[in-house]
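Here, each number is a calculation from the coordinates, and none is a lab measurement. The model shown is predicted, which means the values in this text are computed figures rather than measured ones. As a convention, Cβ positions derive from the backbone with ideal geometry for all residues, glycine included, and neighbour counts pool all protein chains shown.
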Amino acid sequence: MIQVVFDPSKVMDIDITKRTEYHAELDAARASRKVLKEVAFTPSLPDKGYTNRTLHVDVGSLAVAEKPVTQQMKDIFIGGRGFGLWYLWQAVTPQTRWNDPENEIVISSGPVGGITQYAGTGKSLVVTLSPQTEIPIDSNVGGYFGPLLKFSGFDALELQGKAERDLILFIDGQKGLIRFEELPDAPVDSHVLGEVLTRLYAENEADLVNISVVSTGAAADHSLIGMLNFSWFDKRRGCVRFKQAGRGGIGTVFRDKRLRALVCRGPQVKGDLNHPADFETLAKIGVKYHKEIRENDPHQCMMRRNGTAHIVEIMDAYDLLPVHNFQYGSHPETHKIDSAYWQSRCAQQTVDGCWYGCSMACAKGADGLVLKTGPYQGHMVTVDGPEYENAAGLGSNCGVFDPDDLLELNFYCDTYGICTITWGTVCAFIMECYQRGILNLERTGGLDLSWGNAKADLEMMHQMARGEGFGRIAGLGVKRMKALFIANGWGDPQLINDIGMENKGLEYSQYLSKESLAQQGGYALTNKGPQHDEAWLIFMDMVNKQLPTFEDKAEALYYFPLFRTWFGLNGFCKLPWNDVVPKGNAQQPEPHKIPEHVQNYVDLFSATTGVKIDKEELINQSARVYNFQRVFNIRMGKGLRQHDAAPYRSLGPVTEEEYLSRQERYDGQLRTELSLDPDAMTLQEKMAAHRQWRTGRFEKLMDVVYARRGWTRDGVPTYARLKELGIDFPEVLEVVRPLLGDPA
Amino acid sequence: MIRVNGDPLDWREGLTVQGILEARNYRFPLIIVTVNGQVIAKPDYGTTRVPEGAEVQVLHLISGG
Amino acid sequence: MRQLRIDLATCDEGRKTCAHECESACAEKVFKLGDPARAALHIRETADGKGVAYLCDQCGDCVVVCPAEALKRNKLGVVMLDKSLCVGCYICIGFCEKEVFERNPEWVTPYKCTSCGICVKACPHAALEIVDVPEPAYRIL
């Protein structure tokens with residue numbers, strides 16, 4: 001085993017406090033400030049993790065209403081993503097589209113969210129009808145907003161309606177005020193807007209940490225792939241930092257509502273603001289976990305040093321790093337963007353958690369980047385990360401291996417409000433289309449989108465932010481580009497569909513799934529679309545060979561999506577579960593589930609809420625919400641087997657060069673899996689045999705997984721499963737009845 | 001010959017766990033290695049000799065964003 | 001910086017006749033608690049009668065990891081906790097290699113030794129002393 005060793009002397013000497021400041025922008029925003037309406041409320045702190053009320057805001061009429069959290073909501077939906085889905089279900093009808101005023105953006109942390117004793121406990125879950133998928137999207141994001149909202153008095157925030165002019169919603173949990181404001185001269189892009197609003201709404205220096213801003217940027221106005229930035233104030237750097245609710249275009253919905261920003265000013269955070277049922281247990285588990293990080297992380301993933309970027313070189317070594325639009329799994333230049341580089345480029349003398357108490361601290365920051373292009377050319381900025389997804393998506397998948405280019409792409413995605421994962425896959429698709437003649441200089445309006453041309457990539461992004469040119473088309477996302485390119489007669493429809501890496505309208509995240517059938521399902525058989533937060537099974541399946549049968553794969557595709565859904569019900573981050581492993585884990589039964597950490601989560605939930613659960617009930621809690629979401633998809637006219645179809649690029653080699661690049665592997669599979677003699681076959685015959693085998697086994701996987709999940713062959717949860725889970729509400733049954741027939 | 005995660009690997013005199021990891025390019029840090037069902041501690045990878053015919057399991061845990 | 005030190009040989013010899021006055025003094029005078037287990041220093045005994053001292057050496061690791069900047073060195077170089085800034089996350093406790101950042105189940109904020117010297121005065125055998133030593137370099141954790 002080869003592992004990067006941390007050498008402090010190699011960390012670049014960059015002053016983490018130096019960056020371009022935006023005083024003039026702050027003055028201009030302040031001068032233009034106009035209060036439209038102010039409503040008082042009584043701030044309150046949670047009791048056993050819940051404030052027991054939520055806030056509904058109509059940004060069109062400026063009406064504000066409090067709603068009680070019912071016992072049924074807690075029992076069935078828990079919080080976070082569960083609350084978001086439940087409120088969204090009530091807000092919309094099957095006819096509602098993403099840009100109708102009744103569509104909502106719901107933000108909720110969850111009952112355990114905001115505790116400070118354990119790592120990864122400050123997450124906000126954001127739910128809306130996605131402009132890309134037209135079904136609910138959920139996104140799990142760091143930053144302080146969700147916990148500060150809860151400590152102000154609300155378990156969730158519903159945003160409905162559409163404003164006439166750009167609006168700022170300010171929730172002051174110290175004074176008990178909700179204010180609608182206009183700041184016509186406020187900047188647009190997040191890195192400036194977040195900084196300006198944090199300083200505008202904080203009453204003094206010490207108050208800066210109590211402010212969190214939710215915002216997006218210029219590109220969200222002109223694309224379907226807009227993202228939301230959730231801020232926190234980084235005391236040591238003296239600047240505002242961001243985490244992103246990236247997937248599915250939530251930022252686009254935000255701008256469609258004419259929201260410019262949400263600002264929450266919460267109370268000074270303390271260790272027991274959740275008023276947990278059993279603080280002592282939280283404290284003990286937390287201390288044990290912090291100690292585990294101190295002792296084990298330096299020899300395991302080095303999350304504190306590298307963040308998630310530690311797997312760049314690992315994915316490359318296992319032929320899993322997406323290269324050139326998911327054609328290949330490794331590249332000779334990967335070393336230029338691997339963790340050894342990021343370790344030296346990211347500041348290491350600071351605290352990088354996106355919520356208090358995160359000892360895993362993966363939110364790295366690359367300071368001192370001087371921008372070479374765009375409206376902020378010449379500015380010195382701090383860039384979040386880059387995380388693995390950004391290094392892989394913006395980097396290797398597009399053939400970009402210059403780290404400064406990668407950081408600049410990362411920066412502009414963030415400040416313009418675009419999802420980096422989505423942009424990576426969008427741009428990789430465009431570049432492959434360019435390489436294959438589906439696009440050319442004329443069709444792109446002069447952008448030479450050859451592999452690795454970061455300048456053209458950036459220019460396309462700047463165009464999108466300006467709402468111009470080919471950038472506007474890129475902002476439609478892969479699904480709509482495929483339809484457009486086919487409609488224009490620009491290329492072979494089958495090729496375009498095969499290489500466009502989207503499912504349900506959402507772009508794939510950055511792992512190569514061709515050699516892991518379980519992961520093909522882990523991507524395509526998801527509720528919201530192909531994002532690895534439901535299941536990441538490549539090692540279990542492809543490397544460990546732990547899932548040899550279809551039934552084994554189906555079991556993994558039952559358990560892990562439910563286990564990981566649970567993080568989003570409670571305000572947790574996934575990473576502290578399995579990016580560090582306790583001593584003695586190897587001797588445990590089912591070590592890949594990290595049993596000690598699962599027990600930590602069971603205990604954290606019980607100790608916060610006072611509701612005793614076990615690891616089986618944890619899975620049931622998720623299953624209720626997961627199946628409810630599936631029915632929600634069906635209600636919106638999707639959510640069936642046909643919508644779980646996967647692009648062939650995710651299942652196998654589409655092109656001759658892909659096949660030839662891994663010929664030994666593919667030929668070998670023909671022999672061992674299909675009993676064919678590759679030497680007696682033409683390349684076309686071999687590729688056709690692979691295609692038939694690979695698509696056939698994916699279809700079979702769907703059958704077995706659906707059965708394990710308690711769904712019909714068409715992917716519809718059965719009456720029995722809905723009843724067993726206690727979500728057989730009349731309005732749920734009404735959705736499935738036309739598909740299932742009347743109950744027996 | 002030995003088997004590593006079910007697949008054959010040529011055995012040679014003096015083959016260690018470390019040697020297997022290098023032969024397979026298993027670079028991931030969160031792994032659990034068993035040789036004939038016995039868990040091998042990480043500090044012992046370089047010194048643990050793997051016998052001919054052994055069943056070796058290199059269990060990769062999960063990581064990443 | 002001011003650092004608490006112990007001469008374990010003197011302590012071992014003296015402990016035959018003492019009642020852990022250092023711990024009692026710390027618990028009573030600093031924390032106003034009767035329980036010596038709540039002191040910020042501990043002298044424990046192994047089976048063979050040898051003493052093991054748990055003393056904060058003001059190394060500053062906790063300053064490095066505190067997300068709230070609630071831990072800072074004062075003018076004397078002693079690491080002090082500002083309770084008004086503390087968010088009760090306990091990373092300081094988990095990252096303290098000497099296991100001397102502690103918590104009292106009754107309090108949300110943790111506590112540590114401030115090199116105040118009350119224990120030095122209380123020790124009947126003069127086994128403890130406060131010394132002035134250079135601050136160690138900032139350590140990346």
A student applying the Cα gyration tensor rule (rounded when a/c is under 1.5; otherwise prolate if a/b is larger than b/c, oblate if not) would label chain A rounded
Under a Gaussian network model of chain C whose springs join Cα atoms within less than 10 Å, the largest fluctuation of C:129, C:23, C:69 belongs to C:69
The rounded separation in angstrom of the Cα centers of segment A:102-142 and chain B is 40
Eigenvalues of the alpha-carbon gyration tensor of segment A:250-294, times 5 and square-rooted, give semi-axes in Å, largest first, of 36, 16, 10
Length-normalised contact order of segment A:550-649, Cα under 8 Å, at least 6 apart, in percent, tallies to 25
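Return the subset of A:18/A:528; A:18/C:98; A:270/A:612; A:372/A:504; A:336/A:574 for which the Cα-Cα distance in this structure is over 31 Å, preserving the input order. Spell out each step's value before the answer.
Details: A:18/A:528 40 Å; A:18/C:98 35 Å; A:270/A:612 25 Å; A:372/A:504 36 Å; A:336/A:574 28 Å.
Listed pairs above 31 Å: A:18/A:528; A:18/C:98; A:372/A:504.
Summing +1 for each Lys or Arg and -1 for each Asp or Glu, what net charge is found among the other residues whose Cβ lies under 12 Å from the Cβ of residue A:162?
After counting each charged neighbour, the total is -3.
Classify segment B:2-60 as rounded, prolate or oblate, taking a ≥ b ≥ c as the square roots of the eigenvalues of its Cα gyration tensor: rounded when a/c is under 1.5, otherwise prolate if a/b is larger than b/c and oblate if not.
Values: a/c = 1.33, a/b = 1.22, b/c = 1.09.
Verdict is rounded for segment B:2-60.
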Between residue A:367 and residues 5 or more places away or on another chain, the pairs with built amide H atoms under 5 Å apart involve A:347, A:383
Taking every residue of C:63-69, the Cβ atoms of other protein chains inside 10 Å of its Cβ average out to 6
Taking a straight Cα-to-Cα line shorter than 19 Å from residue A:686, and setting aside same-chain lysines fewer than 8 residues away, one finds A:514
Checking rank on C:9-16, A:9-16, with mean other Cβ inside 10 Å and highest first, the result is C:9-16, A:9-16
In whole angstrom, the spacing between the Cα centers of segment C:69-141 and segment A:212-246 equals 37
Scoring only Lys, Arg, Asp and Glu (+1, +1, -1, -1) among other residues with Cβ under 14 Å from the Cβ of residue A:224 yields +3
Check: C-alpha center segment A:600-621 vs C-alpha center segment A:315-379, spacing in Å is 35
A student applying the Cα gyration tensor rule (rounded when a/c is under 1.5; otherwise prolate if a/b is larger than b/c, oblate if not) would label chain C prolate
Taking a straight Cα-to-Cα line shorter than 16 Å from residue C:50, and setting aside same-chain aspartates and glutamates fewer than 8 residues away, one finds C:7, C:12, C:13
Partner shielding of A:282-294, taken as the mean number of other chain Cβ atoms within 10 Å, equals 5
Mean separation of Cα contacts under 8 Å (at least 6 apart) over the residue count of segment B:2-60, i.e. the relative contact order in percent, is 51
Amide H neighbours of residue C:86 at under 5 Å, excluding residues fewer than 5 places away on the same chain, with H built from the backbone geometry, are none
Given all pairs of distinct Cα atoms, segment A:301-490 yields a Kirkwood Rh in Å of 16.9
Residues other than residue B:12 with Cβ under 12 Å of its Cβ, Lys/Arg counted +1 and Asp/Glu -1, net out at -2
Shielding of B:51-63 by other chains, given as the mean Cβ count within 10 Å, works out to 5
Mean separation of Cα contacts under 8 Å (at least 6 apart) over the residue count of segment A:32-265, i.e. the relative contact order in percent, is 24
